[in-house]
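> Dumping the structure here so I can ask a few things about it.
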Amino acid sequence: MNDNELSTAVRESVAEIHSATPVARIISRGRSVRARRRIPRVAGTLIVAAGAGLALPMLLPSGHPDSHPARIQLDAWTVAKQANGDIDVTIKQLKNPAGLQSTLRADGLPVNVTFSDSASDDFKVVQSASCRDYDLGLDVLNAVFHNTYAASGSALVINPSALPSGVGVNLFVAPHAEYWTSRTPAAAAKPLAPGTIPPHSQREQALMIEYNLVHTSQQCTG
Amino acid sequence: MGVGNQQLDFAEFYRSAADECLRTVLVSVGDQDTAQELVDEAFARAWASWRTVSRHPAPKAWVVRTALNTGISRWRRRHREVPVPDLARVADLPAASGASARLVDPQVMAALARLPARQRQVVALRLILDLDTARTAEVLGIAPGTVMAHLGRAMAALRLALQPQLQQENQS
């Protein structure tokens with residue numbers, strides 16, 4: 001049996017399967033999703049373009065009561081706290097992780113931040129030795145972390161109010177291996193045909209943000 | 001584009017992609033009801049973000065990735081307490097149980113269910129959704145070389161499991 005025959009057998013094994021859901025029901029459900037401002041999520045890992053100047057779209061109200069301005073924007077990273085308490089984190093360069101960590105902690109987020117210069121492609125979550133992983137399942141992870149699709153220009157959004165008591169956040173950021181690159185802004189202006197991958201000449205280094213939940217402690221999350 | 005046109009655009013996308021996405025997720029998760037729910041939720045999210053998704057270079061891949069990442073919705077867990085199927089157990093269930101058993105090839109599905117989850121996902125994306133290696137790697141967040149390695153191992157395991165069946169079919 002050659003690969004073609006085997007592939008055909010696999011395809012034919014589900015060829016009689018058809019979706020039973022009418023599009024009207026999907027659209028109705030989509031409206032609910034939109035109304036609740038739920039957005040597509042990636043559990044655990046987010047790839048963002050490095051150095052691309054990703055813009056956060058929201059405008060923050062004046063008179064923000066927190067201990068630092070509502071929006072901290074540096075060349076390396078940006079932290080913006082939304083009116084609903086969500087914290088938007090955009091990382092463009094691997095600089096000053098301690099500053100990012102202290103900024104997020106000042107926003108009330110128990111967090112441990114690690115930057116690595118070593119490119120990786122194994123998607124293994126790395127955390128400080130002082131942190132202990134807290135596996136509460138995908139539902140909690142998705143309630144705490146979400147992101148708009150990376151191409152839309154936003155990055156990781158953290159919802160601190162969804163964190164159960166005693167649970168903190170671990171962020172690990174590193175360059176991804178060469179494959180994980182995003183289109184340069186100039187290249188991105190030209191649409192690609194569906195299903196095509198941009199050539200390497202149109203790409204730039206991408207960053208990988210990995211996130212997970214950890215037990216809070218003085219050593220780990222401050 | 002107005003909302004009406006967007007809706008027509010999305011409806012056309014759904015019509016052309018729903019079956020393929022459902023089959024892909026079914027091969028990945030092994031249970032038709034679960035696959036249907038995950039794909040429905042992923043398409044609903046696609047509609048909720050249609051302005052973004054419609055510009056995605058591979059919207060079907062977006063839907064499948066979202067479905068695989070979503071897991072069973074909180075709503076369903078709370079109200080119906082349907083767990084994610086244990087594929088190792090599904091593979092041992094009698095092939096005739098359930099409505100979907102009449103629509104899928106039980107021996108192929110059982111062979112797929114015995115593969116590790118990642119290999120199953122690679123098979124689904126490469127063979128059912130017909131993505132190339134690079135796009136499959138992107139969807140799964142792994143290196144292209146890893147995709148090829150998973151596919152090679154999966155095909156070898158499937159060949160071992162299905163060869164007697166296919167030979168029998170060819171002889172008859």
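> Quick one: is B:ARG153 facing chain A (nearest Cβ under 10 Å) and part of a helix (DSSP H, G or I)?
Numbers: facing chain A (nearest Cβ under 10 Å): no; part of a helix (DSSP H, G or I): yes.
In short, no.
> Could you check, for segment B:79-102, whether at least one of its residues is over 26 Å from B:ALA17 (Cβ atoms), surrounded by 15 or more Cβ atoms within 10 Å (Cβ to Cβ) and at pLDDT 85 or above?
No.
> Do any residues in segment B:43-67 that are at the interface with chain A (Cβ under 8 Å from one of its Cβ atoms) and under 19 Å from B:LEU127 (Cα atoms) have Cβ atoms under 9 Å from those of residues that are part of a helix (DSSP H, G or I) and of a type in the set (Phe, Trp, Tyr), where the two are at least six apart or on different chains, and which pairs are they?
That search, which allows pairs on different chains as well, returns B:PRO59/B:PHE13; B:THR66/B:PHE43.
> Quick check on segment B:28-37. Is at least one of its residues of a type outside the set (S, T, N, Q), more than 9 Å from chain A (Cβ to nearest Cβ) and not in a helix (DSSP H, G or I)?
yes
The values are calculated or read from the model by the stated rules, or taken from the named source; none is laboratory data. Keep in mind that what you see is a predicted model, and the values were worked out from it rather than measured. Cβ coordinates were reconstructed from backbone atoms using ideal geometry, including for glycine residues, and neighbour counts include every protein chain displayed.
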